[in-house]
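This report refers to the structure that appears directly beneath it.
The values are calculated or read from the model by the stated rules, or taken from the named source; none is laboratory data. A quick note: this is a predicted structure, and the numbers were derived from the prediction, not measured. Every residue, glycine as well, gets a Cβ built from its backbone with ideal geometry; the counts of neighbours run over all protein chains shown.
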Amino acid sequence: AHPADGIDLMAGPWEVREKLAPRAEGPPLRLRTYFPAELDAIDGLAAAYLDDSRRHIERYAKAIGPYPFDGFSVVASPLPTGFGMPTLTYIGAEVLKLPFIRATSLGHEVLHNWWGNGVFVDYASGNWAEGLTTFMADYAYKEDESAAAARAMRLGWLRDFAAVPAADQQPLAAFRSRTHGAAAAVGYGKSAMLFVMLREQIGADTFDRGIRAFWARHRFGVAGWSDLRSAFEAESGQDLATFFDQWLTRRGGPAPRIERARTQARAGGTQLIVDLAQSSPPYALKIPLELVYAGRRERIDVEFRDGRRQLTLDVDTAPASVRLDPELRLWRVLAPAQLPPILRQWITAATPRLAIAQAPGPSAAADETAAAAPALVQRLFERAAKPGSLEDLDRGSGPMLLIGSHAAVDAALAGAGLPPRPASLGVRGSAQVWTVIRAHGAPLAVVSARDVGALQALSRPLPHYGAQSWLVFEGSRVLERGVWEVRDDGVTVRQD
Ligand SMILES: [Zn+2]
């Protein structure tokens, strides 16, 4: 279909703005916004969309090959749902106002003009376009931002995947489109991580050449995973059959581990001996190991293709510990202890429990904050909560949420011998929400509010923050939020 056909499908009272951007070859690029008058009137918004559309198009033209169309339009939809088609993205008017959309979703949609609408997906062999688009858009923007931001996105992929029950885990080759969370965890997360690992395997320059060769060869044609593999094999000279086969056709992922690490003295130096293990059938992996010395760290990449491997390295001095893939560059199944607790575990819990922290003594009956707790959890949890108390926390396994006023929460935690309110949160804002890091026992999260109004103000926003470990609210506005850092001390090196 000719791309311009798409515009006729949608009618609406739009203000149209147009900007022509000259190109080295061919006619100028025709950039447009179709915004309703109210949205168009927001100072500088439409102009910013035009500029950022052009910026994204230029970025990908440089990385992949010339933009294959003559125009691109951003069309406001009255509904929050959006979709894309060649040369056009249709995004909810309210969503278009959000400041981060131009930097993230817009670039993702622009890139689909190459992946999906420029090279078409051979759906019979699986959808590679979402993963490649996520890798070159959403993930690339995180890499532009910082190494920590990119790591946080990789952690998010692994964390979302760890939440998918094994029975619902599909191989990547079976992914067609985002129909539910389990599909997205594979079709976006695992798929994008495949490209992270592939780039590590063949090198960034070779990877970039492979991308351009794939585009040049399949522009306006249908292509599948095997065509991507051929392009990267041709550029790298490597046989990538095992790599693509294991990541596309196997469900789940590997869980490699360090079983032991020790040093032994030998003539002229020290040897570090690391025992690696993974379950059968093994994956062919390139594992980043980090040797942790006092004051410095050293990364080495290790081939690991069997169920076990004993690695022997000559070292100048003995490291204190060895960590396996601390930067999370490998697609793998993380154990619960490796995952930061986030609110989604409470929101989606099969058997959530509610503990209400009552103001101590005679004021308990008049504790309005406690009285408002059930209404909040009804909004927050997907399933009905059972009443519980902190004393029973470890007599069940379901996630427990403790709710109360600041004083009542502090007293309840202290009385049960649990970790106090995190010093990093203090009592800033009108309410704090946090998950408690516990080595063992049932998951615990806390909602602590200044007063009943502060508690009630959480009922609308809080369900949207499932990806967070902690939040500080002022009324219904989030002041700060974050995901707890999970410490990975690795395996201590024994000195023989
Ligand atoms: Zn997409």
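So the values come out like this:
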item	result
Index of the failed condition, residue 370 passing every other in (1) without any contact (Cβ under 8 Å) to a residue 40 or more places away in the chain; (2) out of contact with any helix residue (DSSP H, G or I) (no Cβ under 8 Å at 6 or more places or on another chain)	(2)
Candidates 291, 313 - the one that is farther than 24 Å from residue 471 by Cβ, touching a residue at least 40 places away in the same chain (Cβ under 8 Å) and in a strand (DSSP E or B)	313
Selection count where residues are more than 13 Å from the ligand (Cβ to nearest atom) and over 23 Å from the mean Cα position of the chain (by Cα), scope the stretch 98-144	7
Residue within the stretch 294-311 that is closer than 25 Å to residue 432 by Cβ and at pLDDT below 95 present	no
Elements of type strands (runs of 3 or more DSSP E) contained in the stretch 420-479, each with 2 or more residues being in the same structural domain as residue 408 (by TED's automatic domain parsing) and of a type in the set (Val, Ile, Thr)	431-436, 444-449
Failed item in (1) surrounded by 13 or more Cβ atoms within 10 Å (Cβ to Cβ); (2) within 15 Å of residue 490 (Cβ to Cβ), with residue 298 passing the rest	(1)
Selected residue (only one of 170, 246 is in a helix (DSSP H, G or I), under 26 Å from residue 279 (Cβ atoms) and out of contact with any Cys (no Cβ under 9 Å at 6 or more places or on another chain))	246
Residue list for the stretch 95-134, restricted to those being of a type in the set (A, V, I, L, M), part of a helix (DSSP H, G or I) and surrounded by fewer than 20 Cβ atoms within 10 Å (Cβ to Cβ)	95, 124
Extreme residue, farthest from the chain's Cα centre (by Cα), among residues of the stretch 250-288 that are more than 22 Å from residue 326 (Cβ to Cβ) and assigned to a strand (DSSP E or B)	266
Pairs with Cβ under 7 Å, 6+ apart, first in the stretch 167-179 and exposed (fewer than 13 other Cβ atoms within 10 Å of the Cβ), second not in a helix (DSSP H, G or I)	177/127
Some residue of the stretch 392-402 being among the small types (Gly, Ala, Ser) and in contact with a helix residue (DSSP H, G or I) (Cβ under 8 Å, 6 or more places away or on another chain)	no
Residue satisfying all of: in the stretch 58-94; part of a helix (DSSP H, G or I) and away from the ligand (no atom under 16 Å from the Cβ); surrounded by the fewest Cβ atoms within 10 Å (Cβ to Cβ) among these	62
Sole exception among (1) hydroxyl-bearing (Ser, Thr, Tyr); (2) in a helix (DSSP H, G or I); (3) over 14 Å from the mean Cα position of the chain (by Cα) for residue 179, by number	(2)
Options 119, 164; residue that is in contact with a strand residue (DSSP E or B) (Cβ under 9 Å, 6 or more places away or on another chain) and not basic (Lys, Arg)	119
Where a residue in the stretch 122-138 is of a type in the set (D, E, K, R) and its partner, wherever it lies, is more than 9 Å from the ligand (Cβ to nearest atom), with Cβ under 7 Å and at least six apart	122/222; 122/223; 122/224; 130/187; 130/191; 138/104
Residue count, the stretch 373-386 (criterion: surrounded by fewer than 21 Cβ atoms within 10 Å (Cβ to Cβ) and over 14 Å from residue 346 (Cα atoms))	2
The listed residue being out of contact with any Leu (no Cβ under 8 Å at 6 or more places or on another chain), part of a helix (DSSP H, G or I) and either without any contact (Cβ under 8 Å) to a residue 60 or more places away in the chain or of a type in the set (A, V, I, L, M) (or both), out of 384, 411	411
Exclusive hit being modelled with pLDDT of 95 or more and more than 30 Å from residue 218 (Cβ to Cβ), set 79, 45, 111, 50	45
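This table checks each residue for (1) touching a Gly at 6+ places or on another chain (Cβ under 9 Å); (2) surrounded by fewer than 16 Cβ atoms within 10 Å (Cβ to Cβ); (3) among the polar types (S, T, N, Q).
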{"residue": "393", "(1), (2), (3)": "yes, no, no"}
{"residue": "398", "(1), (2), (3)": "yes, no, no"}
{"residue": "406", "(1), (2), (3)": "no, no, no"}
{"residue": "413", "(1), (2), (3)": "no, no, no"}
{"residue": "425", "(1), (2), (3)": "no, no, no"}
{"residue": "435", "(1), (2), (3)": "no, no, yes"}
{"residue": "439", "(1), (2), (3)": "no, yes, no"}
{"residue": "445", "(1), (2), (3)": "no, no, no"}
{"residue": "449", "(1), (2), (3)": "yes, no, no"}
